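Just below is one structure, and these are the notes that go with it.
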Amino acid sequence: MEGKMVKIENPTKNDFESIMQFLEESFDHSRGFFYKQFPQVMSKDTLDYDNVFIIREKNRIASLVCIFPQTAVLDGRKTVIGGIGSVSTHPDFRNQGFMKILMDFCIEEMKKRNYSFSILGGDRQRYNHWGYETCGMRAILHFSQRSLEKSGINETIEIFRYDGSIEILEKIKKAHEKFPCYIERNIKWLKKLFDERIHTQLYYAQNKQSFAYAVAVGERNERHISEIGGDSKLLPNLIYSLLKRWNTSSVLMSFPGNIPELKILLNHAAYFRIEPGYMIKILSFRDTVEFLLGKNFQCDCLLKMAETKEIAGNPENKKIIELDEKTWVRILFGPFQIEVPDCLKKFTPFRFFWWDHDH
């Protein structure tokens, strides 16, 4: 594979230690940070070397970008998207354009693979250059013992810590897949995450009829709830029981800000805010729109992306809504409603959500 004046290559498993050292030095992270923080995708046996793209200089890794293929599911519809991560250049090799070469290459590679869109977490000014835009509708909910008690939750329930049980992981997978939108996960991925990720605790509650779980990240008073799922009737009591167990007065929780289940949790929150949570670049406008709205969606306008001239919708519609790609990202993935064309308002809020542990 040839880039601009440089060779782009895939490393092998033998390069694992060099990759980790490169990433730690490039991001100034602690030794072992990446495979301890992301064991499900960044350990020696889970890193997908065919989707790691590097440039070497002077027999060293100079720059690196990873593609993380993910299958997204929304209301039963599926599409493949491209997560981008570990975008980095070693301090010794910066200002030579290596990152641009790798990002250009990876975007073209994802288009060749027919991915609908690409997603990452990063700096807006940096990734705007490639058409990525900040978006998403993440609710940050602040629960306190007082807010739960004042809203009628004053009884604890029995909760358990995950102990390596495959049966519990299968229940968590099933519960997570009841949400309108999720990224497909397998049991091996879940086991690696919850067996090995540092500063991460998995709790659950169950009875004969119901099951619920919560993932906490951080230690002691610095914890927050990064994911929760299961029987919605159990969730407020689960949160209350965790606060009692931790002997802490309050906790923050991340949750989709665009699904009906939010209403149940809002009733018990002391405070909340809605914020974006990631950046998206549309790779195929038509595939992205059809994933979000369905193949046979009906509206009285034709949607068009200015840069690529791609269209979505019924070509017989005379009214054309033509906008640039970053505006389309904000419209289709939120959080703003002010830019949504009238012909699409009946579909809002669009319900895609990228959960924290899929980052």
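The values are calculated or read from the model by the stated rules, or taken from the named source; none is laboratory data. Remember, it's a predicted structure, so these values are computed and weren't measured experimentally. Here the Cβ is made from the backbone with ideal geometry for all residues, glycine too, and neighbour counts use every protein chain on show.
Only residues in segment 221-241 that are closer than 20 Å to H357 by Cα count as the first member; pair them with residues that are in a helix (DSSP H, G or I) and of a type in the set (D, E), Cβ under 9 angstrom, at least 6 apart or cross-chain, and list the lot.
Going by the 9 Å Cβ cut-off, the qualifying pairs are S226/D356; E227/D356.
Would you mind listing the helices (runs of 4 or more DSSP H) fully within segment 1-62 where at least 3 residues are of a type outside the set (A, V, I, L, M)?
Hits in segment 1-62: 16-27, 33-37.
Restricting the search to segment 317-359, which residues are closer than 22 Å to G131 by Cβ, touching a residue at least 60 places away in the same chain (Cβ under 8 Å) and not in a helix (DSSP H, G or I)?
Correct list: G334, P335, F350, F352, F353, W354, H359.
Name the one entry in S254, S250 that is more than 18 Å from I172 (Cβ to Cβ), in contact with a Phe, Trp or Tyr (Cβ under 9 Å, 6 or more places away or on another chain), among the hydroxyl-bearing types (S, T, Y) and assigned by TED's automatic domain parsing to the domain that holds K171. Steps first, please.
On the way: S254 fails: more than 18 Å from I172 (Cβ to Cβ).
Every option except S250 fails the conditions.
Applying the selection to segment 58-71, what residues are in contact (Cβ under 8 Å) with a residue 60 or more places away in the chain and touching a Lys or Arg at 6+ places or on another chain (Cβ under 7 Å)?
T71
For residues that are in contact (Cβ under 8 Å) with a residue 40 or more places away in the chain and either acidic (D, E) or surrounded by fewer than 16 Cβ atoms within 10 Å (Cβ to Cβ) (or both), tally how many sit in segment 196-211.
Qualifying residue count, segment 196-211: 2.
Among the residues of segment 318-337 satisfying the criterion of being surrounded by fewer than 16 Cβ atoms within 10 Å (Cβ to Cβ) and modelled with pLDDT under 90, which is nearest to the chain's Cα centre (by Cα)?
Within segment 318-337, the match that is nearest to the chain's Cα centre (by Cα) is F336.
For P39, only one of the following conditions fails: (1) at pLDDT 95 or above; (2) touching a Phe, Trp or Tyr at 6+ places or on another chain (Cβ under 7 Å); (3) not hydrophobic (A, V, I, L, M, F, W, C). What is its number?
For P39, the exception is condition (2).
Can H129 be described as within 30 Å of E307 (Cα to Cα) and of a type outside the set (F, W, Y)?
Judged against the criteria, H129 is a match.
With L292, L265, L252 as the choices, which residue is touching a residue at least 24 places away in the same chain (Cβ under 8 Å), part of a strand (DSSP E or B) and at negative phi?
L252
Please pick out the residue among F255, F272 that is at pLDDT 95 or above, among the aromatic types (F, W, Y) and over 16 Å from the mean Cα position of the chain (by Cα).
Only one candidate qualifies: F272.
Examine segment 298-305 for a residue that is buried (at least 16 other Cβ atoms within 10 Å of the Cβ), within 27 Å of I84 (Cβ to Cβ), in contact with a strand residue (DSSP E or B) (Cβ under 8 Å, 6 or more places away or on another chain) and among the aliphatic types (A, V, I, L, M), and state whether such a residue exists.
Yes, segment 298-305 contains a residue that is buried (at least 16 other Cβ atoms within 10 Å of the Cβ), within 27 Å of I84 (Cβ to Cβ), in contact with a strand residue (DSSP E or B) (Cβ under 8 Å, 6 or more places away or on another chain) and among the aliphatic types (A, V, I, L, M).
Filter segment 321-350 for residues that are touching a Leu at 6+ places or on another chain (Cβ under 7 Å) and on the phi > 0 side of the Ramachandran plot and give the result.
none
In segment 38-46, is there at least one residue being outside the structural domain of K192 (by TED's automatic domain parsing) and loosely packed, with under 15 Cβ neighbours inside 10 Å?
Checked segment 38-46: at least one residue is outside the structural domain of K192 (by TED's automatic domain parsing) and loosely packed, with under 15 Cβ neighbours inside 10 Å.
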